[in-house]
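Read-outs throughout are calculated quantities, based only on the coordinates presented, and are distinct from any laboratory measurement. Note that the structure is a prediction, hence the values are computed from the model and not measured. Virtual Cβ from ideal backbone geometry, glycine too; neighbours counted across all protein chains shown.
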Amino acid sequence: MVERRRIQVQGLVQGVGFRPFVYRLALEQELRGWVRNDGRGVCIEVEGRSADLDAFECRLPEEVPSPARIERSRTDGLVVAGGERQFAIVESARGGMPRISLAPDGYVCRECLAEMADPRDRRYRYPFINCTRCGPRFSIVEELPYDRPSTTMKRFALCTECEREYADPFDRRYHAQPVACPRCGPRCWLVEAGTLDPGPPPGEGTDPAAPIQQALGRLAAGQVVAIKGIGGFHLAVDARNETAVARLRKLKLRSRKPFAVMVRDPGIAGRIVRLNHAAEELLGSAAAPIVLAPRWPDHGLAEGVAPGMEDLGVMLPYSPLHHLLLGEDLDALVMTSGNRPCEPITADNRDALERLPADAHLLHDREIHVACDDSVVRAGSVPIFVRRARGYVPRSLEADHLPRRNVLGLGAELKVTVTTLSRGEMVVGRHLGDLDNTRAEAAFYAEVERMLRFGRVEPEAVAVDLHPDLATTRFAEKIFSGLPMIRVQHHHAHLAAVLTEHGVEPGSGAVGIVLDGMGLGVDGTIWGGEVLRGGYAGFERVGHLRPVPQPGGDRAAREPARMATSLLLEAGLGADRYAGYDPRFAEVASIRSASPLTSSAGRIFDAAAALLGVAPREQEYEGEAAASLEAVADSHHTDAYELPIAENELDTRALITALLEDRSDVAVRAARFHNGLADGFAALALEAGSDLVVLGGGCMVNRRLFRRLVERIENAGVRVIWPRQLPPGDGAISAGQAAVAACTLEEGT
Ligand code: ZN
Ligand code: ZN
Ligand code: FE
């Protein structure tokens with residue numbers, strides 16, 4: 001019996017070789033019909049004998065080649081058409097209601113690497129080799145559906161050989177949109193510093209890897225080279241050359257913030273940092289993030305790469321160009337994102353020449369349409385995202401448990417991301433950084449526009465932070481003035497973000513321990529060391545750190561001595577207990593208007609680090625003092641200072657007094673501080689009585705704090721969940737806001 005069926009497939013099915021796979025399968029099952037990309041994913045119509053159709057439907061989900069992934073599919077019976085002789089891949093259908101099913105930027109696959117190393121292959125040493133299984137995606141796409149004319153590859157006309165591969169369903173490059181070769185594709189070239197015009201790429205027939213060779217010469221000589229990659233530029237130096245690293249620090253105006261290092265292979269990574277199984281897997285995964293792991297004492301890199309830090313960030317080459325770079329003399333390169341301080345990563349050739357402090361620039365002419373930073377994951381008892389970007393976006397999160405509402409979440413002000421929630425799917429955009437400069441704001445505007453357009457999302461409400469003065473809130477008021485604005489308390493958003501990524505249903509609740517630097521509370525004070533009980537639609541604050549003055553407001557977040565002084569005064573201890581005591585800070589602390597009250601956990605870490613003498617005078621980046629404190633803490637020490645609970649407040653005066661009266665060495669005191677803080681919060685959360693505890697907030701990247709919290713809560717027999725797909729920090733705020741907004745809208749109807 002002959003039948004015709006339509007199968008609609010959604011998931012990660014565009015730009016990942018899915019249609020060629022369907023084509024082969026259809027031929028094997030002797031089916032006729034067609035397959036095409038459409039706005040929702042992939043649509044297949046097949047006609048043939050019932051048994052063959054059944055087999056086809058059965059094999060489809062089972063044999064789907066990585067990285068493609070079917071999330072859902074639906075089959076409808078159709079009237080038999082007849083007359084078709086074959087199976088075909090037809091042009092994409094535009095319009096409809098597209099869902100983002102575009103793949104993240106991928107690594108370079110084994111087959112491509114083998115070809116690149118083969119002198120007889122026409123893509124020998126070609127830095128832009130790719131196929132349907134690998135290569136750039138997200139960063140080159142200008143429009144959906146994903147087809148070559150809607151990518152930045154459209155300006156490269158395929159040569160006859162590439163054309164043949166592109167059109168041959170049995171070729172690995174069949175419909176690989178970025179397909180290219182040295183004849184017809186992008187090329188790279190080296191440009192000297194001081195030149196503002198990138199000039200034309202080299203002509204045909206030149207060695208495609210020669211410019212990389214030149215760049216390597218510069219790197220070997222200790223120079224700084226700006227290198228254009230997949231999502232933007234890196235600034236590179238030889239990671240084993242102390243002078244070169246010091247020079248990069250000077251040029252980048254960055255004296256201490258750790259640099260990430262790209263190493264040739266996992267073996268070298270394993271000699272630099274201690275990798276557990278999960279960390280090894282992450283490092284070698286398709287997303288190829290920067291993995292932060294504890295360094296070995298004899299790691300062999302320049303000390304300046306991450307001065308005084310416990311961890312080093314390593315990643316593996318993830319583009320063919322990177323493989324060529326690291327394939328020769330140098331096996332470890334500092335690869336720090338190429339940007340001006342605080343600004344988004346540079347992705348444009350002219351911009352790079354003008355703005356990046358390098359001795360030479362390795363450019364290429366494949367345009368990056370959407371800049372995207374490297375993702376960062378911290379390895380520990382479990383991996384925790386620090387930054388979610390390249391390799392992960394625009395992968396969506398399941399949100400079937402939330403009300404079917406269309407909302408936009410805009411985040412807070414630091415580590416901003418944009419989230420859309422629509423049709424049961426949540427898309428959390430790339431890490432955009434801090435919105436404290438016009439370039440970052442411009443990137444934010446563009447991101448909002450692009451995410452709404454790609455996702456065909458028409459928001460019925462916009463979710464923002466409670467704080468009226470944030471750039472994101474002001475933007476929403478200006479651009480979406482006609483829409484309802486839902487203001488979500490910062491720590492409530494943290495809680496909701498974790499709930500939604502774990503699929504917790506609206507209506508059920510949890511107790512959240514949310515620890516971070518700051519967010520405006522509903523009482524007008526600064527919150528940051530919070531225990532909240534609630535769900536998406538609402539919450540109550542069941543406990544928090546005892547509020548203390550934050551002398552000088554924002555300045556105290558940069559200068560740890562201010563909080564140390566404030567806590568010293570609160571605890572009624574004398575100035576003689578702290579070498580960094582500054583009477584000016586004490587004076588400011590007494591002026592309420594200059595020193596808002598804060599229950600921030602981040603600021604307690606700052607204070608403790610300063611009191612133990614491990615904090616910098618001025619923090620170069622968020623969390624620097626806390627990272628130093630964590631690094632010195634003895635990880636095997638299990639004692640804890642007491643952090644008493646009085647009327648739902650954790651009394652930090654006792655904690656600080658104990659810290660200063662303890663005569664043990666710094667490692668022990670730092671450990672007891674971590675343990676005490678964790679025990680206090682765990683006790684508070686357990687007292688609130690819930691069968692589910694949620695951990696969130698930027699402090700959860702702290703391994704010691706995190707591990708102890710999990711231990712305490714699990715030991716009490718209570719289930720604890722934490723962020724797995726999103727960062728615990730402010731990168732998840734937009735997701736939490738969107739979830740809260742959807743539930744708030746639903747309740748209101
Ligand atoms: Zn490949
Ligand atoms: Zn070609
Ligand atoms: Fe936060």
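Any chance you could run the full-extension gain for residue 167 through residue 714? It's 0.36 nm times the residue separation minus the Cα-Cα distance, nm to one decimal.
191.3 nm
Once you measure Cβ to Cβ distances between cysteines in the chain, which Cys have no partner under 4.7 Å?
43, 58, 112, 131, 162, 181, 188, 342, 372, 699, 743
Does segment 205-298 classify as rounded, prolate or oblate by the C-alpha gyration tensor (a ≥ b ≥ c root eigenvalues; a/c under 1.5 gives rounded; else a/b over b/c gives prolate, otherwise oblate)?
It comes out oblate by the Cα gyration axes.
Please compute the modelled spin-label separation between residue 579 and residue 445, points set 7 Å along Cα→Cβ, answer in nm with one decimal.
5.0 nm
Across segment 227-362, how large is the tail of the calculated P(r) beyond 27 Å, expressed as a percent of all Cα pairs?
Distances greater than 27 Å cover 14 percent of the Cα pairs.
What list of ³J(HN,Hα) values in whole Hz, one per residue of segment 239-247 in order, does the Karplus curve 6.51 cos²θ - 1.76 cosθ + 1.60 (θ = phi - 60°) give from phi, with Gly and Pro shown as x?
The phi angles translate into 6, 9, 9, 4, 5, 5, 5, 4, 5 Hz.
Do you know the relative contact order of segment 333-399, to the nearest whole percent, from alpha carbon pairs under 8 angstrom that are 6+ apart?
22 percent
Taking R0 as 51 Å, what FRET efficiency do you get between residue 28 and residue 404 from their Cβ-Cβ distance, rounded to the nearest 0.05?
It comes out at approximately 0.85.
Grab the beta carbon distance between residue 143 and residue 664, set R0 = 56 Å, and tell me the FRET efficiency rounded to 0.05.
The computed FRET efficiency comes out at 0.35.
Mind ordering 689-697, 3-11 by average Cβ neighbours within 10 Å, highest first?
689-697, 3-11
For segment 477-518, what is the convex hull (Cα atoms) projected area averaged across all directions, in square nanometres?
Approximately 4.5 nm², given one-decimal rounding.
How high is the relative contact order of the chain, in percent, with contacts defined as C-alpha pairs under 8 Å that are six or more residues apart?
11 percent
Using the 2.2 N^0.38 Å rule of thumb for compact globular proteins, work out how segment 509-584 stacks up: its C-alpha Rg over that value, please.
1.33
May I have the pair-distance distribution P(r) for segment 551-687, computed from all Cα-Cα distances with 5 Å bins from 0 and rounded to whole percent?
Spelled out bin by bin, segment 551-687 gives 2, 11, 21, 24, 21, 14, 5, 1, 0 percent.
Place the peptides 219-230, 722-733, 487-498 in order of packing, highest mean first, counting for every residue the other Cβ atoms within 10 Å and averaging per peptide.
Output ranking for 219-230, 722-733, 487-498: 487-498, 722-733, 219-230.
For the peptides 180-187, 271-278, what is the packing order when you average, over each peptide's residues, the other Cβ atoms within 10 Å and list the highest mean first?
Sorting 180-187, 271-278 by mean packing, highest first, produces 180-187, 271-278.
What is the log10 of I(q)/I(0) for segment 434-478, computed with the Debye formula using one identical point scatterer on each Cα and no solvent, at q = 0.26 Å⁻¹?
Per q value, in the given order, log10 I(q)/I(0) is -1.06.
Using Cα pairs closer than 8 Å and at least 6 residues apart in sequence, work out the relative contact order for segment 85-230, in percent.
RCO, segment 85-230: 21 percent.
Under the Kirkwood approximation applied to all pairs of distinct alpha-carbon atoms, what is the hydrodynamic radius of the chain in Å?
27.3 Å
Quick one: what are the phi-derived ³J(HN,Hα) couplings along segment 182-199, Karplus 6.51/-1.76/1.60 with θ = phi - 60°, whole Hz, x for glycine and proline?
x, 6, 10, x, x, 9, 10, 7, 9, 10, 6, 4, x, 7, 9, 9, x, x
How big, on average over all directions, is the shadow cast by the Cα convex hull of segment 472-559, in nm²?
Mean orientational projected area (segment 472-559, Cα hull): 7.4 nm².
What's the magnitude of the charge dipole for the chain around its Cα centre, counting Lys and Arg as +1 and Asp and Glu as -1 at the beta-carbon? Answer in Debye, nearest 20.
The dipole magnitude comes to about 1060 debye.
Cα-based Rg (one decimal) and Dmax (whole number) for segment 346-443, in Å?
Here Rg and the maximum Cα pair distance are 16.6, 54 Å.
Which FRET efficiency, nearest 0.05, do residue 110 and residue 554 yield, Cβ-Cβ r, R0 45 Å?
0.35
Counting residues in segment 1-115 as N, plug N into 2.2 N^0.38 Å and put the Cα Rg over that result.
Computed over Cα atoms of segment 1-115, the ratio equals 1.09.
Got a sec? Charge dipole of the chain, +1 on Cβ for Lys and Arg, -1 for Asp and Glu; which of 481, 693, 241 is way out at the positive end?
Among 481, 693, 241, the one farthest towards the positive end of the dipole of the chain is 241.
If Lys and Arg each add +1 and Asp and Glu each add -1, what is the summed charge of the other residues whose beta carbon sits under 14 Å from the beta carbon of residue 315?
Result for the neighbourhood of residue 315: -4.
Against the longest principal axis of the chain, how steep is helix 18-28, in degrees 0 to 90 to the nearest 10, with axes from Cα atoms?
40 degrees
What angle do you read, to the nearest 10 degrees and between 0 and 90, between the alpha-carbon axis of helix 560-570 and the longest principal axis of the chain?
40 degrees
Report for the chain the percent antiparallel among DSSP-assigned beta bridges with both residues inside it, nearest 5.
70 percent
In Å and whole numbers, how far do the C-alpha atoms of segment 634-738 stretch along each principal axis, longest first?
If we take the Cα atoms of segment 634-738, the spans are 48, 27, 24 Å.
Once amide H atoms are placed 1.01 Å from N in the peptide plane, what residues at a sequence separation of 5 or more from residue 88, or on another chain, have their amide H within under 5 Å of its amide H?
The answer is 33, 34, 35.
Provide the per-residue ³J(HN,Hα) series for segment 215-232, in order, calculated from phi with Karplus coefficients 6.51, -1.76, 1.60 and θ = phi - 60°, each as a whole number of Hz, with x at glycine and proline positions.
4, 4, x, 5, 4, 5, 7, x, 7, 9, 10, 7, 10, 7, x, 8, x, x
Under 5 Å between amide H atoms, partner at least 5 residues away or on a different chain: which partners does residue 14 have, H built in plane at 1.01 Å?
103
Based solely on its DSSP helices, what 222 nm [θ] is calculated for the chain when runs of n ≥ 4 H residues each add -39,500 (n - 2.57) and the sum is averaged over all residues, nearest 500 deg cm²/dmol?
Helices in the chain give a 222 nm mean residue ellipticity of -9500 deg cm²/dmol.
List the residues, sorted by chain then number, that are 5 or more residues from residue 488 or on another chain and whose placed amide H is less than 5 Å from its amide H.
For residue 488, the qualifying residues are 464, 465, 466.
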